[in-house]
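Data block below; observations after.
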Amino acid sequence: MKANRMEAFSDGVLAIIITIMVLEFKVPEGHDWHSLTGLIPKIMSYIVSFVYVGIYWNNHHHLLHTVRRINGKLMWLNMLLLFCLSLVPFTTAWMGESHFAPTPTALYGIVLLMAAVAYMFLQRAIIGQHPADSVIVSAMGKDLKGKLSPILYLLAIIMAYIAPWVSCFFFVLVAVVWFVPDKRIEQALSMHNEEHGA
């Protein structure tokens with residue numbers, strides 16, 4: 001069984017997540033530019049979350065192209081990732097509404113940490129389908145960004161109760177690190193296809 005159906009379902013869920021986030025915006029009572037100032041915290045949190053969902057969509061797309069066979073384990077790990085990401089609209093709205101208060105900001109970091117761990121489990125399960133000496137395992141094994149992100153999320157969660165703006169800095173930092181598409185999987189797939197004459 002190919003990963004096409006799982007990818008299509010995941011794409012639909014991610015599209016709904018983005019839609020829910022934008023629906024959280026309420027039209028301001030005023031009719032001038034000043035009326036939008038109260039929405040600035042929500043707009044900022046929305047932009048960061050939109051980028052995060054986009055990053056997951058991009059990397060998830062590439063990751064599923066390395067799947068050799070779909071099984072129950074992969075399907076449930078994928079569902080775990082989607083569950084974590086489905087919490088992003090709620091925490092995004094709460095953090096924006098509260099103007100980055102400590103607890104909403106910490107919860108936002110917890111959800112991002114959960115999503116990162118879920119993605120790591122899914123990635124490892126997919127890597128496990130390939131021989132240890134394959135180009136895909138070699139390329140994905142050097143996952144420095146994947147190892148660094150949870151550490152930065154943990155720091156962000158802790159700092160939320162000391163200086164929430166520092167937490168926001170860590171959220172943006174991780175997003176910037178991942179914003180540039182990860183070329184490892186693309187290169188590994190290209191090498192794999194060349195080796196097998198595909």
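The values are calculated or read from the model by the stated rules, or taken from the named source; none is laboratory data. Owing to the predicted nature of the structure, the values given are computational and were not obtained by experimental measurement. Ideal geometry is used to build each Cβ from the backbone, glycine not excepted, and the neighbour counts take in all protein chains shown. Calculation scope for accessible area: heavy atoms of the full protein, side chains included, ligands and nucleic acids excluded. Shrake-Rupley method; radii C 1.70, N 1.55, O 1.52, S 1.80 Å.
Values computed for the structure shown
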quantity	calculated
Any hit, the stretch 38-48, residues being open to solvent by less than 10 Å² (accessible area, probe 1.4 Å) and over 19 Å from VAL117 (Cα atoms)	yes
Selection within the stretch 1-24 - farther than 14 Å from PHE50 by Cα, part of a helix (DSSP H, G or I), open to solvent by less than 100 Å² (accessible area, probe 1.4 Å) and among the hydrophobic types (A, V, I, L, M, F, W, C)	MET6, ALA8
Residue within the stretch 35-52 that is of a type outside the set (D, E, K, R), touching a Leu at 6+ places or on another chain (Cβ under 6 Å) and at pLDDT 95 or above present	no
Qualifying residue in the stretch 89-96 (condition: within 26 Å of ILE126 (Cβ to Cβ), β-branched (Val, Ile, Thr) and either surrounded by fewer than 21 Cβ atoms within 10 Å (Cβ to Cβ) or touching a residue at least 12 places away in the same chain (Cβ under 8 Å) (or both))	no
Options VAL172, VAL117, VAL166, VAL111; residue that is among the aliphatic types (A, V, I, L, M), open to solvent by less than 20 Å² (accessible area, probe 1.4 Å), under 27 Å from SER45 (Cα atoms) and assigned to a helix (DSSP H, G or I)	VAL111
Evaluation of ALA188 against (1) at pLDDT 85 or above; (2) of a type in the set (A, V, I, L, M); (3) surrounded by 12 or more Cβ atoms within 10 Å (Cβ to Cβ) (one fails), failing number	(1)
Qualifying residue in the stretch 69-77 (condition: at pLDDT 95 or above and either in contact with a Leu (Cβ under 6 Å, 6 or more places away or on another chain) or open to solvent by 40 Å² or more (accessible area, probe 1.4 Å) (or both))	yes
Residue within the stretch 135-154 that is open to solvent by less than 20 Å² (accessible area, probe 1.4 Å), of a type in the set (Ser, Thr, Tyr) and either assigned to a helix (DSSP H, G or I) or at pLDDT below 95 (or both) present	yes
